[in-house]
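Working notes, structure below.
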Amino acid sequence: MRIIVSHSNSAWQYLEEQDRRRRRQERWILVLVLLVWSALTYTEFYYFGRTATAPPIPNELFIFGLINLNILLLVFLLFLIFRNLVKLLFEPKSSVRWGGLSRKLGIAFLSVTLLPTLLLFGIASRYVTQSIDSWFSEKIETSQENALQVVRSYYADRSQSALLLIREVGREMGESQASGPIQDLQNRFNLEGLAVLSSEGKVLEKKVLGDAWMRNPPEKEFLSRARENRGEVRVIRFGEQDVIEAVAPVKILEAETGWVWSWSLIPASLSKEMEQISTAFEDYQRLEMHKNPIKQGYIFTLLLVTLAVLFASIWFGIYVARGMTRPLQQLAEGTRKIAAGDWDVSLESASNDEMGTLVKSFNRMVGELKEKRDELMQTQKIAAWQEVARHVAHEIKNPLTPIQLSAQRLRRRYLGQFREDAIFDNCTETIIQQVDELKRLVDQFAQFARLPKPILMEADLNEIIREIVPIYQEGHKEIQFDLQLSADLPLLQLDREQIHRVLINLLENAVAAMEGAGKIALGTSFSLDSVRLEVRDTGAGIDPIHRDRIFEPYFSTKVSGTGLGLAIVHRIVQDHKAKIRVEASLPQGTVFILEFPRVISQSEEMQPRTLYKVGGLR
């Protein structure tokens with residue numbers, strides 16, 4: 001026992017180790033795939049980000065990641081398809097799992113799916129390519145550039161005008177050497193704001209229309225460029241508007257040079273349109289740089305779907321091939337087993353289609369053939385035993401009569417001489433009794449050997465039962481007989497005398513099995529095509545190992561039995577084209593079940609037919 005447990009534990013540990021190793025391999029493969037995917041995505045993102053003239057778009061990383069995921073899935077699908085195609089094409093034809101028909105069906109499904117799928121892929125790829133190219137056509141790019149150029153030209157003109165105006169303002173202000181004309185200058189040059197700054201950039205005087213006050217004066221760098229260029233202009237963002245800011249140097253005192261500062265507001269609607277046009281053009285340029293990756297991503301997605309369709313068609317073909325060829329292979333294997341003498345063949349049917357019907361028909365045919373074979377073998381055994389019985393009866397019966405007559409003659413002549421000696425009396429009496437017993441056995445052998453063919457006539461099975469049972473009720477008061485006979489039991493084609501013999505043999509066995517008090521129940525019932533008789537007792541029962549031989553001639557579990565009673569019953573039942581079997585009766589005892597074929601008589605055909613009815617107590 002310790003060896004078995006050790007072996008079981010070793011096997012279990014081996015399986016656990018294999019499972020852990022498989023899980024480690026799966027984790028490493030997953031980590032490797034993630035590393036490859038991350039490396040590809042980062043490399044592409046970094047490459048396009050460094051070579052692009054514009055900064056990368058925010059969702060660029062997501063696009064590259066999606067493209068690389070499609071590539072990895074594509075490689076995986078190609079591997080699966082290639083492996084299954086190799087397995088389908090190069091597997092031996094004699095394989096049980098895949099045969100020639102399976103291979104042909106798989107190739108047929110692939111061929112039927114391949115042409116339209118590739119055609120659809122080609123059309124879809126061309127459509128996607130043309131659509132993406134149309135997004136980045138020269139007309140669209142030119143129109144966007146023209147719109148942006150118009151806005152830029154407007155801003156450039158406004159900026160140039162602002163620079164000329166601020167220089168003119170600075171010249172006139174320097175000539176006047178006074179701060180009084182600032183309001184006149186603002187009104188004359190139509191400026192939203194005008195201010196005079198010290199050399200340090202502090203506001204000395206300002207004039208503002210409305211809320212156009214620029215709270216932060218220009219920084220020193222901007223003022224330095226203005227000193228070098230005799231004026232400077234720029235466009236800055238103020239709230240939701242663009243502002244054109246201009247600065248020019250001006251002499252405010254004899255020893256000090258300051259600055260004159262002006263600003264003009266661009267209309268909010270125009271500023272917003274300028275922002276939208278600039279943003280759209282920049283986005284367009286970024287997308288145009290990624291036109292090929294986007295196009296490849298769509299094509300890879302289409303290719304992935306195409307390969308998925310091909311992969312599904314291959315698997316569907318294999319699945320259909322399995323469903324069609326597996327029952328055929330099972331039928332072939334079952335046929336080979338039957339040819340080899342193995343009749344215990346039963347195929348499993350997992351469907352209700354034509355293949356399932358074929359498997360069920362095969363199982364039914366095997367069952368019927370097995371039953372016919374058993375009947376034939378039983379008939380051959382009975383015929384052989386009948387021949388043996390005929391010879392035995394002939395060889396034994398001839399000397400029995402002289403032996404019996406000799407014993408009787410000895411008793412009549414010499415019994416008076418040996419009255420004081422009981423040995424002579426006992427011996428001659430034993431010889432005569434044993435000869436009578438042998439004659440009884442010989443008569444049974446003769447009956448078994450000369451069992452005639454049944455003379456079939458319409459008969460009521462219930463009536464035959466009622467004729468036999470009272471005889472046993474009178475002879476066995478300690479046994480309770482229970483009749484559960486079906487009303488309206490149809491008539492059968494029976495040989496009354498032989499059925500009498502069947503019931504007598506079955507009741508004799510039941511009485512002998514109980515060895516005293518007990519219960520014997522006889523019941524009848526009928527269905528659409530048969531009439532059923534059950535003889536049930538509460539005796540000791542029959543050992544399961546003996547049930548298969550219980551109807552064989554000369555087989556008996558009783559010490560004094562000849563083994564011919566149930567053999568005669570079986571032969572009579574077979575001659576009536578009926579069936580008999582023996583089963584255990586729960587909780588105790590044995591039940592013999594006889595099923596007679598129901599033959600519809602002309603008188604019965606004219607009446608409504610009862611399909612099934614169980615007997616009631618009588």
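The values are calculated or read from the model by the stated rules, or taken from the named source; none is laboratory data. Keep in mind that what you see is a predicted model, and the values were worked out from it rather than measured. No Cβ is skipped: glycine too gets one built from the backbone with ideal geometry, and neighbour counts run over all protein chains shown. Each accessible area value is taken on the protein alone, full model and side chains, heavy atoms only, with ligands, DNA and RNA left out. Shrake-Rupley method; radii C 1.70, N 1.55, O 1.52, S 1.80 Å.
Key figures
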quantity: Boolean, Leu533 is in contact with a strand residue (DSSP E or B) (Cβ under 8 Å, 6 or more places away or on another chain) and surrounded by 22 or more Cβ atoms within 10 Å (Cβ to Cβ); calculated: yes
quantity: Filtered residues of the range 574-601 (kept if open to solvent by less than 80 Å² (accessible area, probe 1.4 Å), farther than 13 Å from Leu461 by Cβ and assigned to a strand (DSSP E or B)); calculated: Ile580, Val582, Glu583, Ala584, Thr590, Val591, Phe592, Ile593
quantity: Considering residues of the range 443-463 that are assigned to a loop (DSSP other than H, G, I, E, B) and either open to solvent by 80 Å² or more (accessible area, probe 1.4 Å) or among the hydrophobic types (A, V, I, L, M, F, W, C) (or both) only, the residue modelled with the lowest pLDDT; calculated: Arg450
quantity: Filter pass, Val243 being in contact with a helix residue (DSSP H, G or I) (Cβ under 8 Å, 6 or more places away or on another chain), closer than 20 Å to Ala162 by Cα and modelled with pLDDT of 80 or more; calculated: no
quantity: Residues satisfying the stated conditions in the range 304-331, i.e. out of contact with any Gly (no Cβ under 8 Å at 6 or more places or on another chain) and open to solvent by 50 Å² or more (accessible area, probe 1.4 Å); calculated: Val305, Val309, Ala312, Trp315, Phe316, Tyr319, Arg322, Met324, Arg326, Leu328, Gln330
quantity: Close pairs from the range 141-164: first acidic (Asp, Glu), partner surrounded by 13 or more Cβ atoms within 10 Å (Cβ to Cβ), Cβ under 8 Å, at least 6 apart; calculated: Glu141/Tyr284; Glu141/Glu288; Glu145/Phe281
quantity: Selection status of Glu221, modelled with pLDDT of 85 or more, more than 21 Å from Gln160 (Cβ to Cβ) and open to solvent by 10 Å² or more (accessible area, probe 1.4 Å); calculated: yes
quantity: Qualifying position, being farther than 30 Å from Ala383 by Cα and more than 55 Å from the chain's Cα centre (by Cα), among Glu497, Glu508, Glu515; calculated: Glu515
quantity: Qualifying position, being of a type outside the set (Ser, Thr, Tyr), open to solvent by 80 Å² or more (accessible area, probe 1.4 Å) and over 22 Å from Glu595 (Cβ atoms), among Ala512, Ala540; calculated: Ala540
quantity: Residue in the range 348-361 that is in contact (Cβ under 8 Å) with a residue 60 or more places away in the chain, closer than 25 Å to Ile107 by Cα, open to solvent by 70 Å² or more (accessible area, probe 1.4 Å) and assigned to a helix (DSSP H, G or I) present; calculated: no
quantity: Thr113 being open to solvent by less than 50 Å² (accessible area, probe 1.4 Å), modelled with pLDDT of 70 or more and under 28 Å from Met324 (Cβ atoms); calculated: yes
quantity: Extreme residue, least open to solvent (accessible area, probe 1.4 Å), among residues of the range 389-433 that are β-branched (Val, Ile, Thr) and at pLDDT 75 or above; calculated: Thr428
quantity: Contacts under 7 angstrom Cβ, first residue in the range 368-388 being part of a helix (DSSP H, G or I), partner basic (Lys, Arg), 6 or more apart; calculated: Ile382/Arg571
quantity: Filter result for Gly106 (modelled with pLDDT of 65 or more and over 26 Å from Ala332 (Cβ atoms)); calculated: no
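Results for (1) in a helix (DSSP H, G or I); (2) in contact with a Leu (Cβ under 6 Å, 6 or more places away or on another chain), shown as yes or no for each residue.
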| position | (1), (2) |
| --- | --- |
| Glu228 | yes, no |
| Arg234 | no, no |
| Ala312 | yes, no |
| Thr325 | yes, yes |
| Gln329 | yes, no |
